[in-house]
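**Q** Here you go, one structure.
The values are calculated or read from the model by the stated rules, or taken from the named source; none is laboratory data. Everything numeric in this text was worked out from a predicted model, so none of it was measured. Note that we place each Cβ from the backbone using ideal geometry, even for glycine, and neighbour counts take in every protein chain shown. Each accessible area value is taken on the protein alone, full model and side chains, heavy atoms only, with ligands, DNA and RNA left out. Shrake-Rupley method; radii C 1.70, N 1.55, O 1.52, S 1.80 Å.
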Amino acid sequence: METKSMSLKRVIIVSILAIFLSAIFAILVHAILPASVNPEKFNSILVQWLGFPAVATLYFVLLFTHCTIGVRYVGLRTAALKIQIGILFGIAYAMIYLLGMQEIIVDYSPFSTWGLDFIKYQFLIGIGDGIPAFLLCLIISYFTLRNNRQNKAIPTLGLKKSIGVIAILAVAILVERTIFYQLGLVNSERATYPIPCYLWTALFGVLMGLIYVILRPLLSYGNRRIFWAIPLRFTLTIGLNWIIFNSFMGLIIKGAMPQMLLRSGLDVFVLFLISAGLEKLLS
(Lines give C-alpha, C1' and ligand atoms only; values in the text may rest on other atoms or scores of the structure.)
Protein backbone atom coordinates (compact mmCIF):
# COMPACT_ATOMS: atom_id res chain seq x y z
CA MET A 1 0.00 0.00 0.00
CA GLU A 2 2.84 2.37 0.88
CA THR A 3 4.65 1.54 -2.38
CA LYS A 4 1.56 2.36 -4.42
CA SER A 5 1.11 5.62 -2.50
CA MET A 6 4.73 6.61 -3.06
CA SER A 7 4.41 5.71 -6.73
CA LEU A 8 1.31 7.89 -7.06
CA LYS A 9 3.08 10.76 -5.30
CA ARG A 10 5.99 10.42 -7.72
CA VAL A 11 3.68 10.53 -10.73
CA ILE A 12 1.90 13.62 -9.41
CA ILE A 13 5.11 15.47 -8.49
CA VAL A 14 6.89 14.66 -11.76
CA SER A 15 3.81 15.58 -13.80
CA ILE A 16 3.23 18.92 -12.07
CA LEU A 17 6.90 19.91 -12.30
CA ALA A 18 7.13 18.88 -15.96
CA ILE A 19 3.95 20.76 -16.90
CA PHE A 20 4.97 23.99 -15.18
CA LEU A 21 8.56 23.90 -16.48
CA SER A 22 7.24 23.30 -20.01
CA ALA A 23 4.81 26.20 -19.64
CA ILE A 24 7.58 28.50 -18.39
CA PHE A 25 9.81 27.50 -21.32
CA ALA A 26 7.07 28.27 -23.84
CA ILE A 27 6.24 31.63 -22.23
CA LEU A 28 9.90 32.68 -22.19
CA VAL A 29 10.29 31.89 -25.90
CA HIS A 30 7.23 33.99 -26.70
CA ALA A 31 8.53 36.82 -24.53
CA ILE A 32 11.95 37.08 -26.19
CA LEU A 33 10.71 37.18 -29.79
CA PRO A 34 11.62 40.51 -31.43
CA ALA A 35 8.20 41.13 -33.00
CA SER A 36 5.17 41.57 -30.79
CA VAL A 37 1.44 41.77 -31.27
CA ASN A 38 -0.31 45.04 -30.48
CA PRO A 39 -1.44 44.58 -26.84
CA GLU A 40 -4.69 46.41 -27.67
CA LYS A 41 -5.76 43.28 -29.55
CA PHE A 42 -5.72 41.34 -26.28
CA ASN A 43 -9.16 42.52 -25.21
CA SER A 44 -10.97 39.40 -24.00
CA ILE A 45 -12.79 39.39 -20.68
CA LEU A 46 -10.23 36.98 -19.22
CA VAL A 47 -7.35 39.29 -20.16
CA GLN A 48 -9.18 42.26 -18.66
CA TRP A 49 -9.81 40.36 -15.45
CA LEU A 50 -6.56 38.43 -15.01
CA GLY A 51 -4.05 40.09 -17.33
CA PHE A 52 -2.34 38.58 -20.38
CA PRO A 53 0.55 36.82 -18.53
CA ALA A 54 -1.89 34.94 -16.28
CA VAL A 55 -4.12 33.90 -19.19
CA ALA A 56 -1.12 32.74 -21.24
CA THR A 57 0.16 30.73 -18.28
CA LEU A 58 -3.22 29.10 -17.72
CA TYR A 59 -3.41 28.24 -21.43
CA PHE A 60 -0.03 26.50 -21.50
CA VAL A 61 -0.75 24.66 -18.27
CA LEU A 62 -4.02 23.40 -19.80
CA LEU A 63 -2.36 22.46 -23.11
CA PHE A 64 0.53 20.59 -21.50
CA THR A 65 -1.72 18.99 -18.90
CA HIS A 66 -3.69 17.46 -21.74
CA CYS A 67 -0.44 16.20 -23.33
CA THR A 68 0.47 14.62 -20.01
CA ILE A 69 -2.92 12.96 -19.63
CA GLY A 70 -2.73 11.61 -23.18
CA VAL A 71 0.72 10.07 -22.68
CA ARG A 72 -0.24 8.60 -19.31
CA TYR A 73 -3.61 7.23 -20.43
CA VAL A 74 -2.26 5.46 -23.49
CA GLY A 75 1.02 4.52 -21.81
CA LEU A 76 -0.73 2.61 -19.05
CA ARG A 77 -2.63 0.49 -21.59
CA THR A 78 -0.46 -0.05 -24.66
CA ALA A 79 2.20 -2.76 -25.04
CA ALA A 80 4.78 -0.33 -26.47
CA LEU A 81 7.99 0.60 -24.69
CA LYS A 82 7.70 3.74 -22.57
CA ILE A 83 10.44 5.57 -24.47
CA GLN A 84 8.62 4.80 -27.72
CA ILE A 85 5.43 6.27 -26.29
CA GLY A 86 7.19 9.46 -25.25
CA ILE A 87 8.98 9.94 -28.56
CA LEU A 88 5.96 9.28 -30.79
CA PHE A 89 3.55 11.44 -28.79
CA GLY A 90 6.20 14.13 -28.42
CA ILE A 91 6.76 14.24 -32.17
CA ALA A 92 3.01 14.29 -32.80
CA TYR A 93 2.29 17.23 -30.50
CA ALA A 94 5.38 19.17 -31.60
CA MET A 95 4.54 18.80 -35.30
CA ILE A 96 0.96 19.94 -34.68
CA TYR A 97 2.21 23.12 -33.02
CA LEU A 98 4.86 23.78 -35.67
CA LEU A 99 2.45 23.46 -38.59
CA GLY A 100 -0.53 24.84 -36.68
CA MET A 101 1.28 28.13 -36.14
CA GLN A 102 1.66 28.49 -39.91
CA GLU A 103 -2.09 28.65 -40.57
CA ILE A 104 -2.74 31.77 -42.63
CA ILE A 105 -4.35 33.99 -39.99
CA VAL A 106 -2.53 37.30 -40.45
CA ASP A 107 -4.93 39.37 -38.35
CA TYR A 108 -3.76 37.65 -35.16
CA SER A 109 -0.06 38.14 -35.94
CA PRO A 110 2.27 41.17 -35.63
CA PHE A 111 2.27 41.53 -39.42
CA SER A 112 -0.10 43.21 -41.84
CA THR A 113 0.66 40.81 -44.71
CA TRP A 114 1.63 37.17 -45.14
CA GLY A 115 5.22 36.53 -46.20
CA LEU A 116 8.65 35.36 -45.11
CA ASP A 117 8.60 37.44 -41.90
CA PHE A 118 5.29 35.85 -40.94
CA ILE A 119 6.64 32.35 -41.64
CA LYS A 120 9.82 32.89 -39.62
CA TYR A 121 7.98 34.46 -36.69
CA GLN A 122 5.35 31.72 -36.57
CA PHE A 123 8.07 29.07 -36.91
CA LEU A 124 9.85 30.41 -33.84
CA ILE A 125 6.62 30.38 -31.87
CA GLY A 126 5.95 26.82 -33.05
CA ILE A 127 9.44 25.82 -31.91
CA GLY A 128 8.76 27.47 -28.56
CA ASP A 129 5.61 25.38 -28.17
CA GLY A 130 6.91 22.19 -29.78
CA ILE A 131 10.21 21.66 -27.96
CA PRO A 132 8.72 21.80 -24.42
CA ALA A 133 5.87 19.53 -25.55
CA PHE A 134 8.34 16.98 -26.90
CA LEU A 135 10.48 17.09 -23.76
CA LEU A 136 7.37 16.91 -21.60
CA CYS A 137 6.23 13.69 -23.28
CA LEU A 138 9.68 12.15 -22.85
CA ILE A 139 9.81 13.08 -19.15
CA ILE A 140 6.30 11.82 -18.44
CA SER A 141 6.82 8.54 -20.28
CA TYR A 142 10.27 7.83 -18.84
CA PHE A 143 9.65 8.78 -15.22
CA THR A 144 5.98 7.88 -14.69
CA LEU A 145 5.47 4.78 -16.87
CA ARG A 146 6.76 1.23 -16.70
CA ASN A 147 7.62 -0.94 -19.68
CA ASN A 148 5.00 -3.55 -20.48
CA ARG A 149 6.33 -6.96 -19.42
CA GLN A 150 4.05 -8.93 -21.73
CA ASN A 151 6.11 -8.11 -24.84
CA LYS A 152 3.10 -8.31 -27.11
CA ALA A 153 3.54 -7.56 -30.79
CA ILE A 154 2.12 -4.16 -31.69
CA PRO A 155 -0.05 -4.27 -34.85
CA THR A 156 1.06 -1.96 -37.64
CA LEU A 157 -0.30 -1.13 -41.07
CA GLY A 158 1.73 -2.03 -44.12
CA LEU A 159 3.26 0.65 -46.32
CA LYS A 160 0.46 0.61 -48.90
CA LYS A 161 -2.30 0.78 -46.31
CA SER A 162 -0.46 3.53 -44.43
CA ILE A 163 -0.14 5.63 -47.58
CA GLY A 164 -3.80 5.02 -48.36
CA VAL A 165 -4.94 6.08 -44.87
CA ILE A 166 -2.79 9.22 -44.98
CA ALA A 167 -4.07 10.15 -48.44
CA ILE A 168 -7.74 9.62 -47.53
CA LEU A 169 -7.51 11.62 -44.30
CA ALA A 170 -5.60 14.39 -46.08
CA VAL A 171 -8.23 14.63 -48.83
CA ALA A 172 -11.01 14.57 -46.22
CA ILE A 173 -9.50 17.56 -44.38
CA LEU A 174 -8.90 19.45 -47.64
CA VAL A 175 -12.49 18.86 -48.81
CA GLU A 176 -13.93 19.72 -45.39
CA ARG A 177 -11.99 22.97 -45.09
CA THR A 178 -12.71 23.93 -48.71
CA ILE A 179 -16.45 23.46 -48.24
CA PHE A 180 -16.55 25.50 -45.05
CA TYR A 181 -14.24 28.15 -46.53
CA GLN A 182 -16.67 28.52 -49.42
CA LEU A 183 -19.70 28.59 -47.13
CA GLY A 184 -18.05 31.21 -44.95
CA LEU A 185 -18.44 29.15 -41.77
CA VAL A 186 -14.68 29.02 -41.30
CA ASN A 187 -12.91 32.34 -41.74
CA SER A 188 -9.94 32.22 -44.07
CA GLU A 189 -7.69 34.46 -46.12
CA ARG A 190 -8.10 32.36 -49.28
CA ALA A 191 -9.25 35.43 -51.22
CA THR A 192 -6.02 37.29 -50.45
CA TYR A 193 -3.61 34.33 -50.24
CA PRO A 194 -5.29 31.41 -52.05
CA ILE A 195 -2.19 29.30 -52.74
CA PRO A 196 -0.67 29.55 -49.21
CA CYS A 197 -4.10 28.99 -47.66
CA TYR A 198 -4.89 25.80 -49.57
CA LEU A 199 -1.29 24.59 -49.42
CA TRP A 200 -1.36 24.86 -45.63
CA THR A 201 -4.72 23.05 -45.55
CA ALA A 202 -3.35 20.21 -47.67
CA LEU A 203 -0.20 19.91 -45.54
CA PHE A 204 -2.27 19.92 -42.36
CA GLY A 205 -4.37 17.05 -43.70
CA VAL A 206 -1.25 15.07 -44.60
CA LEU A 207 0.20 15.73 -41.14
CA MET A 208 -2.92 14.53 -39.33
CA GLY A 209 -3.01 11.43 -41.50
CA LEU A 210 0.66 10.77 -40.80
CA ILE A 211 0.17 11.22 -37.05
CA TYR A 212 -2.79 8.82 -37.16
CA VAL A 213 -0.67 6.15 -38.83
CA ILE A 214 2.26 6.73 -36.44
CA LEU A 215 0.15 6.58 -33.28
CA ARG A 216 -2.24 3.87 -34.43
CA PRO A 217 -0.05 1.02 -33.07
CA LEU A 218 -0.04 2.66 -29.63
CA LEU A 219 -3.81 3.12 -29.73
CA SER A 220 -4.56 -0.45 -30.83
CA TYR A 221 -4.99 -1.94 -27.37
CA GLY A 222 -8.06 -3.73 -26.07
CA ASN A 223 -10.88 -5.14 -28.17
CA ARG A 224 -9.97 -4.50 -31.81
CA ARG A 225 -13.43 -5.50 -33.01
CA ILE A 226 -14.74 -2.10 -31.88
CA PHE A 227 -13.90 -0.23 -35.08
CA TRP A 228 -14.41 3.24 -33.58
CA ALA A 229 -12.14 2.66 -30.56
CA ILE A 230 -8.88 3.77 -32.20
CA PRO A 231 -10.48 6.86 -33.84
CA LEU A 232 -12.01 7.81 -30.49
CA ARG A 233 -8.66 7.51 -28.71
CA PHE A 234 -7.05 9.55 -31.48
CA THR A 235 -9.76 12.18 -31.06
CA LEU A 236 -9.31 12.39 -27.30
CA THR A 237 -5.50 12.58 -27.42
CA ILE A 238 -4.65 14.42 -30.66
CA GLY A 239 -7.97 15.94 -31.74
CA LEU A 240 -8.79 17.50 -28.39
CA ASN A 241 -5.25 18.85 -28.15
CA TRP A 242 -5.70 20.53 -31.55
CA ILE A 243 -8.88 22.16 -30.24
CA ILE A 244 -7.13 23.38 -27.07
CA PHE A 245 -4.20 24.67 -29.15
CA ASN A 246 -6.59 26.71 -31.31
CA SER A 247 -8.39 28.12 -28.28
CA PHE A 248 -5.50 30.43 -27.34
CA MET A 249 -6.65 33.28 -29.58
CA GLY A 250 -10.15 32.83 -28.24
CA LEU A 251 -8.84 33.26 -24.71
CA ILE A 252 -7.10 36.57 -25.41
CA ILE A 253 -9.15 38.19 -28.20
CA LYS A 254 -12.77 39.18 -27.70
CA GLY A 255 -15.21 37.27 -29.89
CA ALA A 256 -12.61 34.93 -31.40
CA MET A 257 -13.43 31.80 -29.39
CA PRO A 258 -16.48 30.59 -31.39
CA GLN A 259 -14.55 30.73 -34.67
CA MET A 260 -11.44 29.04 -33.25
CA LEU A 261 -13.47 26.25 -31.68
CA LEU A 262 -15.58 25.82 -34.82
CA ARG A 263 -12.64 25.50 -37.23
CA SER A 264 -10.75 22.98 -35.09
CA GLY A 265 -13.90 21.17 -33.98
CA LEU A 266 -14.94 20.55 -37.58
CA ASP A 267 -11.45 19.21 -38.35
CA VAL A 268 -11.63 16.77 -35.47
CA PHE A 269 -15.20 15.69 -36.27
CA VAL A 270 -14.28 14.87 -39.87
CA LEU A 271 -11.11 13.06 -38.80
CA PHE A 272 -13.14 10.91 -36.41
CA LEU A 273 -15.80 10.02 -38.98
CA ILE A 274 -13.39 9.21 -41.79
CA SER A 275 -10.94 7.29 -39.61
CA ALA A 276 -13.82 5.29 -38.10
CA GLY A 277 -14.91 4.39 -41.62
CA LEU A 278 -11.36 3.36 -42.50
CA GLU A 279 -11.07 1.21 -39.37
CA LYS A 280 -14.33 -0.50 -40.29
CA LEU A 281 -12.84 -1.40 -43.68
CA LEU A 282 -9.55 -2.49 -42.12
CA SER A 283 -11.15 -4.70 -39.46
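**Q** Looking only at the stretch 227-252, which residues are farther than 30 Å from Lys41 by Cβ and either open to solvent by less than 20 Å² (accessible area, probe 1.4 Å) or touching an Asp or Glu at 6+ places or on another chain (Cβ under 9 Å) (or both)?
**A** Step one: filter the stretch 227-252 for residues farther than 30 Å from Lys41 by Cβ, giving 227-237.
If the condition is that a residue be farther than 30 Å from Lys41 by Cβ and either open to solvent by less than 20 Å² (accessible area, probe 1.4 Å) or touching an Asp or Glu at 6+ places or on another chain (Cβ under 9 Å) (or both), then Phe227, Trp228, Ala229, Ile230, Pro231, Phe234, Thr237 are the ones that fit.
**Q** Mind checking which pairs have a first residue in the stretch 19-48 that is farther than 22 Å from Leu136 by Cα and among the hydrophobic types (A, V, I, L, M, F, W, C) and a second that is modelled with pLDDT of 70 or more and open to solvent by less than 30 Å² (accessible area, probe 1.4 Å), Cβ under 6 Å, 6 or more apart or different chains?
**A** Ala35/Tyr121; Phe42/Ile252; Leu46/Val55; Val47/Val55; Val47/Ile252
**Q** OK, next. Give the stretch 65-81 a look and list any residue that's open to solvent by 40 Å² or more (accessible area, probe 1.4 Å) and either of a type in the set (A, V, I, L, M) or in contact (Cβ under 8 Å) with a residue 60 or more places away in the chain (or both), or say none.
**A** Step one: filter the stretch 65-81 for residues open to solvent by 40 Å² or more (accessible area, probe 1.4 Å), giving 65, 69, 72-73, 76-77, 81.
Of everything in the stretch 65-81, those that are open to solvent by 40 Å² or more (accessible area, probe 1.4 Å) and either of a type in the set (A, V, I, L, M) or in contact (Cβ under 8 Å) with a residue 60 or more places away in the chain (or both) turn out to be Ile69, Arg72, Tyr73, Leu76, Arg77, Leu81.
**Q** From the residues in the stretch 86-112 that are β-branched (Val, Ile, Thr) and at pLDDT below 95, which one is most open to solvent (accessible area, probe 1.4 Å)? Steps first, answer last, please.
**A** As a first pass, look at the stretch 86-112 and keep what is β-branched (Val, Ile, Thr): 87, 91, 96, 104-106.
The next check asks that each one be at pLDDT below 95; those that pass are 104-106.
Numbers: Ile104: 14, Ile105: 37, Val106: 4 Å².
Across the stretch 86-112, the extreme among qualifying residues is Ile105.
**Q** In the stretch 171-217, what residues are free of Cβ contacts under 8 Å to residues at least 40 places away in the same chain, farther than 28 Å from Leu88 by Cα and of a type in the set (A, V, I, L, M)?
**A** Selection gives Ile179, Leu183, Ala191, Ile195.
**Q** Right, here's the next one. Just name the residue that is farthest from Arg233 (Cα to Cα) out of those in the stretch 260-283 that are buried (at least 17 other Cβ atoms within 10 Å of the Cβ) and among the polar types (S, T, N, Q). Don't jump to the end; show me each part of the working.
**A** Here is the first cut: in the stretch 260-283, the ones buried (at least 17 other Cβ atoms within 10 Å of the Cβ) are 260, 263-264, 266-268, 270-272, 274-276, 278-279.
Okay, now just the ones that are also among the polar types (S, T, N, Q), so 264, 275.
On the way: Ser264: 17, Ser275: 11 Å.
Across the stretch 260-283, the extreme among qualifying residues is Ser264.
**Q** Right, another one. Mind listing whichever residues of the stretch 241-266 are in contact with a Gly (Cβ under 8 Å, 6 or more places away or on another chain) and either closer than 15 Å to Ile96 by Cβ or in a helix (DSSP H, G or I) (or both)?
**A** Just the residues of the stretch 241-266 that are in contact with a Gly (Cβ under 8 Å, 6 or more places away or on another chain), to begin with: 241-243, 245-246, 256-261.
The answer is Asn241, Trp242, Ile243, Phe245, Asn246, Met257, Pro258, Gln259, Met260, Leu261.
**Q** Here is a further query. With respect to the numbered conditions (1) out of contact with any Leu (no Cβ under 8 Å at 6 or more places or on another chain); (2) in a loop (DSSP other than H, G, I, E, B); (3) open to solvent by less than 40 Å² (accessible area, probe 1.4 Å), which one is the sole condition not fulfilled by Val61?
**A** (2)
**Q** Ok, one more. I'd like the residue in the stretch 214-269 that is within 18 Å of Cys67 (Cβ to Cβ) and among the small types (Gly, Ala, Ser) and, out of all such residues, is nearest to the chain's Cα centre (by Cα).
**A** Per the criteria, the residue is Gly239.
**Q** Based on this model, can you work out whether Ser162 counts as small (Gly, Ala, Ser), over 30 Å from Val61 (Cβ atoms), modelled with pLDDT of 90 or more and out of contact with any His (no Cβ under 9 Å at 6 or more places or on another chain)?
**A** Details: small (Gly, Ala, Ser): yes; over 30 Å from Val61 (Cβ atoms): yes; modelled with pLDDT of 90 or more: yes; out of contact with any His (no Cβ under 9 Å at 6 or more places or on another chain): yes.
Judged against the criteria, Ser162 is a match.
Here's the yes/no breakdown for (1) aromatic (Phe, Trp, Tyr); (2) touching a Phe, Trp or Tyr at 6+ places or on another chain (Cβ under 7 Å); (3) at pLDDT 90 or above:
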site: Pro132; (1), (2), (3): no, yes, yes
site: Leu136; (1), (2), (3): no, yes, yes
site: Ile154; (1), (2), (3): no, no, no
site: Ile166; (1), (2), (3): no, no, yes
site: Leu174; (1), (2), (3): no, no, yes
site: Tyr198; (1), (2), (3): yes, no, yes
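**Q** Quick one: count up the residues across the stretch 115-131 that are more than 23 Å from Leu21 (Cβ to Cβ) and part of a helix (DSSP H, G or I).
**A** Kept after step one, since they are more than 23 Å from Leu21 (Cβ to Cβ), are these residues of the stretch 115-131: 115-122.
Checking the rest, the ones that are also part of a helix (DSSP H, G or I) come to 116-122.
Number of matching residues: 7.
**Q** Also: If I go through the stretch 167-201 residue by residue, how many of them are open to solvent by less than 30 Å² (accessible area, probe 1.4 Å) and either under 16 Å from Ile274 (Cα atoms) or not in a helix (DSSP H, G or I) (or both)?
**A** Total satisfying the criteria: 7.
**Q** Looking at (1) modelled with pLDDT under 95; (2) within 28 Å of Asp107 (Cα to Cα); (3) open to solvent by 30 Å² or more (accessible area, probe 1.4 Å), which is the only condition Ser7 fails?
**A** (2)
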